[in-house]
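Data block below; observations after.
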Amino acid sequence: MASHAPSRHSGLRALAAPALALALLLTACGARDGDASSEPTAFGQIDRTRLLAADSNPGDWLTTGRDFGKGHYSPLDQINRDSVARLGFAWEYAAGTRRGLEATPIVVDGVMYTSGVDGRVYALDARNGREIWHFNPEVDGQINRKACCDSVNRGVAVWHGKVYVAALDGRLFALDAAGGNVLWSVDTIVDKTRAYTSTGAPEVAGNVVVIGNSGAEYDARGYISAYDLDSGKLAWRFYIVPGDPSKPRENPELELAAQTWDPKSRWDVGGGGTAWDAMVYDPELDLLYVGTGNAALYNRAKRSPRGGDNLFLTSILALNPHTGGLVWYYQEVPGDMWDYTATQPIVLTDLEIGGVKRKVLMQAPKNGFFYILDRKTGELLSAKNYVPVDWARGVDLKSGRALVDHEAADYATGPKLIFPSTMGGHNWNPMSYNPRTGLVYLPTLRAANFMLDRVKGHEYHPGRLNMGITAMLVSGLQLGAPNLTPALMRQLDQLARKYPDLRMRAALTAWDPIAQKTVWEFESPGWWDHAGVLSTKGDLVFQGTDTGLLRVFDARDGKLLKQIDTGSSIIAAPMSYQIDGVQYVAVMAAWGGGGWFITHPESAAYTYGNEGRILVFRLDGGAMPKPQPLADPGPLPEPPPLKETRADVLARGGLLFAQNCSICHQNMPRSGLPDLRRMSAAVHRTFNDIVLHGQRRQLGMPQWDDVLSEADSNAIHAYLTSIAWQAYRQQQAGSKAKAAPVASR
Ligand code: CA
C-alpha cells in the first residue's frame with residue numbers, strides 16, 4: 001500500500017532554448033579560466049577557513065543554512081526588487097521519488113549536493129542540473145513503520161571532500177564528494193527493537209560528525225552520537241533523557257537529569273527527547289548546540305507520575321564537541337506534555353540587546369515563543385510569543401522558566417484546547433535571519449489541538465506508536481481515531497466556545513527579534529502553507545507554497561513582487577548561489593513531512609502528483625515547465641462483494657486501521673499513495689500477503705505479521721471494502737440524481 005516508487009529514472013529537463021543561448025553567452029563571458037564548457041574540478045572542499053570566510057564568497061552555500069550560523073540568508077543581490085520581475089526557469093532535476101523533500105541544498109565549487117527520500121544524495125552540476133552522481137542508501141521499507149513524519153531527509157553536511165548523510169534507518173554514511181562511493185558507514189541505532197529513525201542533516205563539529213534521531217511518538221530514548229570524520233569511529237554519545245535507573249548511567253549529566261524525573265517513570269516507553277533536526281556547531285566558541293524533542297509518553301502524569309521538569313526534554317544543549325560533555329542547557333518547556341519540541345532550526349548571530357553586543361542563538365520552537373539566548377552562557381535574553389499561546393502565561397526572564405498554565409493546558413485532569421497545536425507555531429521549516437533588515441522571516445502556523453487522555457494507565461507497544469493520548473487539530477482534521485462520545489463532543493464544543501477564532505491559519509511572519517514584534521505578515525490562502533524561507537541582500541524573501549507557487553516578497557514591507565507557478569508542492573526552503581556571474585535560486589519540491597497525510601484540497605500534489613523535483617531559477621530564464629496533470633482516475637470501480645458484515649468486526653477493522661495504517665493511508669489518494677477505495681481484484685486477493693507478509697516491502701509497505709493476526713488483517717480488509725462500498729454507493733446515487741433531478745423529487 002505505501003509506496004516509495006523510485007519509478008522513473010532521475011534526470012534533468014533541458015533549459016528552454018532562448019534561455020539556454022543566453023546562459024551560454026553569460027557563461028562564456030564570465031567563466032573561470034575563460035572556458036565555457038569547464039566541468040567542476042573540485043568536490044566538497046569545505047574547511048574551517050572557508051566556512052569562516054563564507055561572507056567573502058557569497059556565491060557559495062556551504063551548510064544547509066549557508067554559513068556556520070545557518071541564517072538562511074544570501075548576500076547576493078543580482079536578483080533584487082528591481083530585477084525580480086525577470087525571474088524565470090533555469091533548470092530542473094527529477095529526484096525519482098514521490099515522498100516529501102525537505103532539504104536545503106549545499107553548493108560549493110559549482111556542484112550542488114542535496115538529499116532526498118530515505119537519505120538519497122544527489123550531486124549535480126549547479127550550472128545546468130547535469131547529474132554527477134547519485135546515491136541511494138536502499139533502506140528496507142519496514143522502517144516506514146517507525147517514521148511518524150514521512151520518509152524525509154533534511155540535508156547533507158559537506159566537509160574536506162566528503163558528503164555525510166543519515167539514512168532513514170539510522171545508518172550514517174560518509175561518501176566521496178567526487179564520485180559518491182561509500183567511504184564508511186556506521187549504524188547509529190543502539191536498540192533496533194525501538195522505533196528510531198534519522199531524518200536530520202548531520203553536523204560537522206570540530207573533528208567529529210554528529211547525528212541524532214527521531215521517534216518520540218513511538219518509544220525512542222533520544223541520544224546524539226559523534227563519529228570521527230575520517231574513520232567513522234564512535235567518539236562519544238550523549239543520552240538526552242535518563243534510562244532505567246537499575247542500569248549504569250551512560251553519561252554523568254544524567255545524574256542531574258534523573259533528579260527531575262520520578263524514579264518510577266515509564267522508562268519502558270523510552271522518554272523521548274529525540275534530537276531530530278537542530279544542530280549547529282559554533283566555530284567561534286567551539287560549542288555544539290542541539291535542540292531536543294518532546295516526551296514519550298506525552299502525558300506527564302503517566303510518564304513521570306510525581307511530576308518534575310524531565311530534563312533534558314525540549315531543551316537546547318551546548319556540548320563540548322571534543323568530549324560530548326554538557327557546557328550549559330536551557331529547557332524551554334518544563335515537563336512537556338504537548339509535543340513541544342525544541343528541535344526547530346537554530347540561528348547563530350551577533351545582536352545588540354539592551355545596549356550590549358552579544359553572541360546569540362535564536363530559535364522559534366513549536367511552543368510559540370521566540371527565544372534569544374547568550375550562546376556563550378545559555379543565559380535567556382529574550383522570550384516573547386510570536387503566535388497565540390495558552391500553555392504558558394509567559395517566560396520569566398530572571399529565572400528563565402516558562403510559567404506553565406496547568407489549569408489551561410494540563411489534560412491529565414480532562415480535555416483541553418491548547419494553542420499552539422502539536423504542529424507547532426513553527427516547525428522544522430527553516431526561518432531566515434536577514435542582517436540588513438534585522439528581521440527574522442518565519443513560517444508560522446496558528447492552530448490549536450484538543451488533547452485528551454481517555455484511558456487508564458498505558459499499555460506499552462514496543463516499536464509502535466505510544467503517544468498514549470488523543471490529539472486533534474481543531475479545524476476538524478483528526479489525528480488517530482477518537483471515536484468521540486456525544487458527551488465528549490459537547491465538552492469539546494464548550495472548550496471551543498471560549499475562542500473567538502479557531503481557524504487554522506498559516507502566515508509568513510516578519511519578526512523583529514529585538515523589538516519582539518511582528519513587522520509585517522502575509523497570510524497564505526492555504527492554512528497549511530508553512531514552507532521554509534530564504535531572504536537575500538537583494539531585499540527579497542522567497543517562500544514556496546503547498547499549491548505549487550514560488551513567491552517572492554519585498555523584505556521591507558511584505559509586498560508580493562512575483563510568483564511562479566511550478567506545479568509542485570513546496571515545503572522546503574529555497575537557497576541561492578552564484579556561478580560565472582549568474583545568481584540562481586534553487587528549491588526542492590514535493591509534498592510530505594509531518595502531517596503529510598492531511599494535504600489541503602488545493603495542493604499541487606492533487607493536480608500534478610508528487611514527483612520530487614529540484615527547481616532552479618535565474619533572471620531571464622525560460623517559462624516554468626509544469627508536470628503533466630494527473631489523469632482523471634474515472635469513476636470508482638464496483639468493489640468485490642462484502643462478505644463480512646458483522647458490525648463488531650467492521651468496527652474492529654476500522655480501529656486497527658486507525659491505529660496502525662492511517663498515519664500513512666489517510667486522505668491523500670492522489671499524491672503518491674494508492675487510493676484504497678480503488679484496490680484492484682489482485683490486491684483484494686493478495687491483501688493479507690501485502691499487509692502481513694511484506695509482499696510490497698520493496699515499495700515501502702512494511703509487513704505487519706508480528707503485530708496483526710490473520711483475523712486482524714481480514715477485519716481491516718473488510719473495513720476498507722465497506723468504505724469502498726459506501727463511496728461507490730454515494731457515487732451511484734449522485735450520478736442517478738444528476739441524471740434525473742426532477743424525477744427523484
Ligand atoms: Ca513529536
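What number of residues within region 258-296 are on the phi > 0 side of the Ramachandran plot and part of a loop (DSSP other than H, G, I, E, B)? Before you say what the answer is, go through the steps one by one.
Going residue by residue through region 258-296, those that are on the phi > 0 side of the Ramachandran plot are 270-273, 286.
From the residues that got through so far, the ones that are part of a loop (DSSP other than H, G, I, E, B) too are 270, 273, 286.
Result for region 258-296: 3.
Can you confirm whether residue 327 is surrounded by 24 or more Cβ atoms within 10 Å (Cβ to Cβ), in the same structural domain as residue 216 (by TED's automatic domain parsing) and of a type in the set (Val, Ile, Thr)? Steps first, please.
Values: surrounded by 24 or more Cβ atoms within 10 Å (Cβ to Cβ): no; in the same structural domain as residue 216 (by TED's automatic domain parsing): yes; of a type in the set (Val, Ile, Thr): yes.
Judged against the criteria, residue 327 is not a match.
Return the total of residues in region 673-695 being out of contact with any helix residue (DSSP H, G or I) (no Cβ under 8 Å at 6 or more places or on another chain), part of a helix (DSSP H, G or I) and among the hydrophobic types (A, V, I, L, M, F, W, C).
Adding up the residues that qualify gives 2.
For residues in region 330-359 being within 16 Å of the ligand (Cβ to nearest atom) and among the acidic types (Asp, Glu), which is surrounded by the most Cβ atoms within 10 Å (Cβ to Cβ)? It would help to see each step written out before you state the result.
Quick first cut of region 330-359, residues within 16 Å of the ligand (Cβ to nearest atom) only: 332-333, 335-345.
The next check asks that each one be among the acidic types (Asp, Glu); those that pass are 332, 336, 339.
Numbers: 332: 28, 336: 30, 339: 27.
The qualifying residue surrounded by the most Cβ atoms within 10 Å (Cβ to Cβ) is 336.
Would region 633-654 turn up any residue that is under 26 Å from residue 217 (Cα atoms) and crowded, with 22+ Cβ neighbours inside 10 Å?
Scanning region 633-654, I find at least one residue that is under 26 Å from residue 217 (Cα atoms) and crowded, with 22+ Cβ neighbours inside 10 Å, so the answer is yes.
Would you mind telling me which numbered condition in (1) over 17 Å from residue 105 (Cα atoms); (2) in contact (Cβ under 8 Å) with a residue 24 or more places away in the chain residue 544 fails?
(1)
Tell me, which residue of region 69-101 that is at positive phi and outside the structural domain of residue 362 (by TED's automatic domain parsing) is surrounded by the most Cβ atoms within 10 Å (Cβ to Cβ)?
The extreme case among them is 72.
Exactly one condition in (1) away from the ligand (no atom under 16 Å from the Cβ); (2) buried (at least 24 other Cβ atoms within 10 Å of the Cβ); (3) farther than 26 Å from residue 393 by Cα is false for residue 362; which is it?
(3)
Are any residues in region 601-632 under 23 Å from residue 583 (Cβ atoms) and either of a type in the set (Ser, Thr, Tyr) or under 20 Å from the mean Cα position of the chain (by Cα) (or both), and if so, which ones?
Within region 601-632, 613, 614, 615 qualify.
Go through region 98-140 and count every residue that is over 24 Å from residue 67 (Cα atoms) and within 18 Å of the chain's Cα centre (by Cα).
Here the count works out to 5.
Before we move on, is residue 66 at pLDDT below 95, crowded, with 24+ Cβ neighbours inside 10 Å and within 24 Å of the chain's Cα centre (by Cα)? So that I can check it myself, show each step before the final result.
On the way: at pLDDT below 95: no; crowded, with 24+ Cβ neighbours inside 10 Å: yes; within 24 Å of the chain's Cα centre (by Cα): yes.
When the stated conditions are applied, residue 66 does not pass them.
Table: residues versus (1) at negative phi; (2) outside the structural domain of residue 501 (by TED's automatic domain parsing); (3) not in a loop (DSSP other than H, G, I, E, B).
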| site | (1), (2), (3) |
| --- | --- |
| 318 | yes, no, yes |
| 336 | yes, no, no |
| 339 | no, no, no |
| 351 | yes, no, yes |
| 358 | yes, no, yes |
| 381 | yes, no, yes |
| 397 | yes, no, no |
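For region 489-526, enumerate the residues that are within 16 Å of residue 554 (Cα to Cα) and of a type in the set (Val, Ile, Thr).
Answer for region 489-526, where residues must be within 16 Å of residue 554 (Cα to Cα) and of a type in the set (Val, Ile, Thr): 509, 518, 519.
Which residues, taken from region 681-721, are touching a residue at least 40 places away in the same chain (Cβ under 8 Å) and either of a type in the set (Gly, Ala, Ser) or farther than 19 Å from residue 656 by Cα (or both)?
681, 694, 696, 697, 698, 699, 700, 715, 718
Picking from 299, 367, which residue would you name as being within 16 Å of the ligand (Cβ to nearest atom) and surrounded by fewer than 24 Cβ atoms within 10 Å (Cβ to Cβ)? Walk me through it before giving the result.
Working: 367 fails: surrounded by fewer than 24 Cβ atoms within 10 Å (Cβ to Cβ).
Selected residue: 299, the only one of 299, 367 that is within 16 Å of the ligand (Cβ to nearest atom) and surrounded by fewer than 24 Cβ atoms within 10 Å (Cβ to Cβ).
Regarding region 47-63, can at least one residue be identified that is in a loop (DSSP other than H, G, I, E, B) and β-branched (Val, Ile, Thr)? Give the derivation first.
Step one: filter region 47-63 for residues in a loop (DSSP other than H, G, I, E, B), giving 47, 53, 57-60, 62.
Now restrict to residues that are β-branched (Val, Ile, Thr): none.
For region 47-63, residues in a loop (DSSP other than H, G, I, E, B) and β-branched (Val, Ile, Thr): absent.
The values are calculated or read from the model by the stated rules, or taken from the named source; none is laboratory data. Quick caveat: nothing in here was measured; it's all calculated off a predicted structure. Cβ atoms come from the backbone with ideal geometry, glycine included; neighbour counts cover every protein chain shown.
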